[in-house]
Amino acid sequence: MLFGMYFGAGNLIFPIQLGQLAGTNFWPALIGFLVTAIGLPFIGILAIGLSGSSGLRDLANRVHPIFGSVFTVTLYLTIGPFFAIPRTATVPFVVGFEPFINPEQVSLWLGIFSLLFFVIVYYFSLNPAKIIDYIDKYLTPAFLVFLFFLIGIAVIKPMGNFGNPTGDYTQLAFMTGFKEGYNTMDALASLAFGIVVINAIKSQGITDPQDISKATVKSGMFAMGLMMIIYGLITYIGASSVTAIGTFENGGLIFSAVSQYYFGSFGSILLGIIIVLACLKTSIGVITACSEFFHKLLPKVSYKWFVFILCFISFSIANFGLNNIIQFAVPVLMLLYPLAIVLILSALFSPLFSKKQSVYATSMFLTFFVSIIDGYSALANSLPGATVPLLEGVKLFYINYLPLYHIGLGWILPAFVGAIIGYTWPMQFCSKGKEWE
């Protein structure tokens, strides 16, 4: 179930594009990608499972209740109807259908396809109790059979040698791959899916906290291990494909070209089945998790209504197209990821500082002042007209004086300093976070 909920649209299109761009710098780029696409989601699951929290909001409340509410809602909207869920509809359309459609009719057919897609998602998401059966027994095995068939052929008969690295992969392959892993959104999803996994474990009759922790670790290791193998193979396919098929603007089109190279028109049908299965199972899982969260947040609105609302919003955003969704997701991810990483690490190491709230609060506070500029910089790169002189000044200051900022890790030192300040601080928030004591 855990693998099925994680592995979806982004997990297919980003590593194959990384392979094309990294070329002979395949290994450092892949390792960097695996750190954020595999390592962070795994420890995110552990953070929920081992911290004793009842979910993301409960964990984020350790910073402050207001932060807990704002961060949790923002995260669920990001991995839900604003970016990740719409992407689950646009990716299979781009890969399996767009190459055969008249460019003038792409928008029309995208609308028809995404409507049918979310009607199916809506139907299956109305019965959340059966989500394990849907994903674990049917969709995931079918998806893996089709995927490994395509990967197996591509590995046995490689298309060519690795090309030369391009762009940032020439000098900063590891860190570029590291940041590319953000696009999968899996570390963010781990904070939301962690409680889903724990509840699924409890539903199997496992109630002892230590047994729950062991089962969480085992399921996480299995899911992440399987994803690691698939990531490596898909990245290899991308790295060896440039001389045979050329380069494309997104991983979806690369996958389509690879399948056609090996199987012709049959390849497109095969790939369409793979992508639709992958994206359906992920979309159902995320819609279920998001709807359950928002229903608990606003209990007067039924779970079924949230399923409908989220499907409708996702359908609407999906029709802006895959490239636009990816473009506008990057600034949000650059803002959220450092905060999520610091929260995950704080939860894991909380026994060392007795869950002292000031440690959470000060480390997160200082991290935010860096991540907000990271998000702004990504937005300014996408929309040059969105530059703000004041923020440009702060960005220049960070570049000149903040260690590791130029490689995207400027948040590390502020987070560490914040943790030290919080640990030595003589006062801390009380448990309700309403006053100092």
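General observations
- Note on the stretch 349-437: Lys pairs 8 or more places apart or on different chains, Cα atoms under 20 Å apart, count 4.
- Angle in degrees between helix 40-51 and the longest Cα principal axis of the chain, rounded to the nearest 10: 40
- Between 0 and 90°, nearest 10: helix 84-96 axis offset from the chain longest Cα axis: 10
- Residue-wise HN-Hα couplings along the stretch 380-392, as the Karplus relation 6.51 cos²θ - 1.76 cosθ + 1.60 with θ = phi - 60° gives them from phi, are 5, 5, 7, 10, x, x, 8, 5, 10, x, 4, 5, 5 Hz; Gly and Pro carry x.
- Selected from Ala84, Gly68, Met228, residue furthest toward positive end of dipole (the chain; charges at beta carbon): Gly68
- Along principal axes, Cα extents of the stretch 349-437, largest first, whole Å: 46, 26, 18
- Helix axis angle, 322-348 relative to the chain longest principal axis, alpha carbon, degrees: 40
- In terms of other Cβ atoms within 10 Å, Trp305, Trp411 run from fewest to most in the order Trp305, Trp411.
- Relative to its residue count, the stretch 206-307 spans a Cα convex hull of 159 Å³ per residue.
- Counting only Cα atoms, the size of the stretch 143-275 along its three principal axes is 55, 38, 23 Å, in decreasing order.
- Qualifying lysines (Cα of each under 26 Å from Cα of Lys137; at least 8 residues distant if same chain): Lys202, Lys214, Lys218, Lys281, Lys304
- Fewest neighbouring Cβ atoms within 10 Å first, the residues Asp186, Asp208 line up as Asp208, Asp186.
- Per-q log10 I(q)/I(0), the stretch 261-412, q = 0.15, 0.18 Å⁻¹ (Debye; single scatterer per alpha-carbon; no solvent): -1.07, -1.14
- Relative contact order (%) - the stretch 349-437, alpha-carbon pairs under 8 angstrom, separation at least six: 45
- Globularity index of the chain, i.e. its alpha-carbon radius of gyration over 2.2 N^0.38 Å: 0.97
- Contact order relative to length of the chain, as percent, for alpha carbon pairs under 8 angstrom and 6 or more apart: 30
- Separation of the Ser316 and Val119 label points, Cα + 7 Å toward Cβ, nm: 2.0
- Helical mean residue ellipticity (222 nm; -39500 (n - 2.57) per DSSP H run of 4+; nearest 500) of the chain: -23500 deg cm²/dmol
- Cβ charges +1 (Lys, Arg) and -1 (Asp, Glu), total dipole of the chain, debye: 780
Readers should treat all values here as calculations from the given coordinates under stated rules, not as data from a laboratory. Not measured: the values here are computed from a predicted model. Because the Cβ atoms are built from the backbone with ideal geometry, glycine has one as well, and the counts that use them run over all protein chains shown.
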